[in-house]
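Student: Encoded as structure tokens, here's the structure I'll be asking about.
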Amino acid sequence: MSYAVLSDETKKHLEQERVRLMNDRETIVSGIASSVSAEVDQAIQTLNALLKEAPKVEVVPAKDIVESVTKLLDQAATETPTQPSRRTSTKKAKTEAKEKSSQPQAFDAKQLKRKFKGISLSDAVVQVMQQDPARIYTTDDLIAALYDKFDEADLPRARKTLGATLMHAIRAGKAEKVQDKPPHYKLSTPATV
């Protein structure tokens, strides 16, 4: 038979966590349910669009709901058990999510637009360039095609990230650099034999 020996400090921390979860259970569960509901609504809307039917479901972007749920969970985690728990209604969470979505987000190189979900940045760049193979692209053109709006202060970092990715694409023979300052790129043309 094994025994777990917990220090008094660990026991106190575990008891506080248990009280917090019991007090905030309803908020946490409803936030997760809203997130799942939004994902289902998004899937229905996508299927309706594919089937060319008018959508019958009001869809709140899942990203907005996930952000508001994450904020609620973080807020609940910072509360101490002696404080009364703050309840946030679904309407308030949706309002906060809408306000948050209108503000530009920080640049995240891995957070491509939804249509590029599941593919690498390099493959997404080639996919954008293949839409118009004769076109010459600036770095900013590609950033606009690949990412949702983000904070202008992060633009230099986005350019640097995309520039590095384009250098790898050039080395792989997928793209060509046609101008240095400012940099311009085009899709690599296959060699004729």
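The values are calculated or read from the model by the stated rules, or taken from the named source; none is laboratory data. Source: prediction; values computed, not measured. Quick reminder, even Gly has a Cβ in these numbers, built from the backbone with ideal geometry, and neighbours come from all protein chains shown. The area values use the complete protein model at the heavy-atom level, side chains included, leaving out ligands, DNA and RNA. Shrake-Rupley method; radii C 1.70, N 1.55, O 1.52, S 1.80 Å.
Student: Determine the share of segment 114-187's accessible area contributed by carbon and sulfur atoms, expressed in whole percent, with a 1.4 angstrom probe.
Tutor: 51
Student: List every residue whose amide H lies under 5 Å from the amide H of residue 137, counting only residues 5 or more places away in sequence or on a different chain, with H placed 1.01 Å from N in the peptide plane.
Tutor: It is 185, 186, by chain and number.
Student: Could you check the simple spin-label distance between residue 119 and residue 176, using points 7 Å along Cα→Cβ, in nm with one decimal?
Tutor: So the two model labels end up 2.2 nm from each other.
Student: With each label point set 7 Å from Cα along the Cα-Cβ vector, what nm distance links residue 33 and residue 70?
Tutor: 2.4
Student: Would you please put 109-118, 138-147 in order of how densely packed they are, using the mean number of other Cβ atoms within 10 angstrom per residue and starting with the highest?
Tutor: Going by the mean number of other Cβ atoms within 10 Å, highest first, we get 138-147, 109-118.
Student: Right, here's the next one. Using only alpha carbons, build the gyration tensor for segment 114-187 and give me the equivalent ellipsoid semi-axes, biggest first, whole Å.
Tutor: Semi-axis lengths for segment 114-187 are 18, 15, 11 Å.
Student: Take peptides 26-35, 149-158 and line them up by average Cβ neighbours within 10 Å, highest first, as a rough protection proxy.
Tutor: Result, highest mean Cβ count within 10 Å first: 26-35, 149-158.
Student: State, to one decimal in nm, how far the label point of residue 110 lies from the label point of residue 149, with both points 7 Å from Cα in the Cβ direction.
Tutor: Spacing of the two 7 Å Cα→Cβ label points: 2.6 nm.
Student: Continuing with this model, one more query. Full extension from residue 50 to residue 138: what is 0.36 nm times the residue separation minus their Cα-Cα distance, to one decimal in nm?
Tutor: Answer, rounded to one decimal: 28.5 nm.
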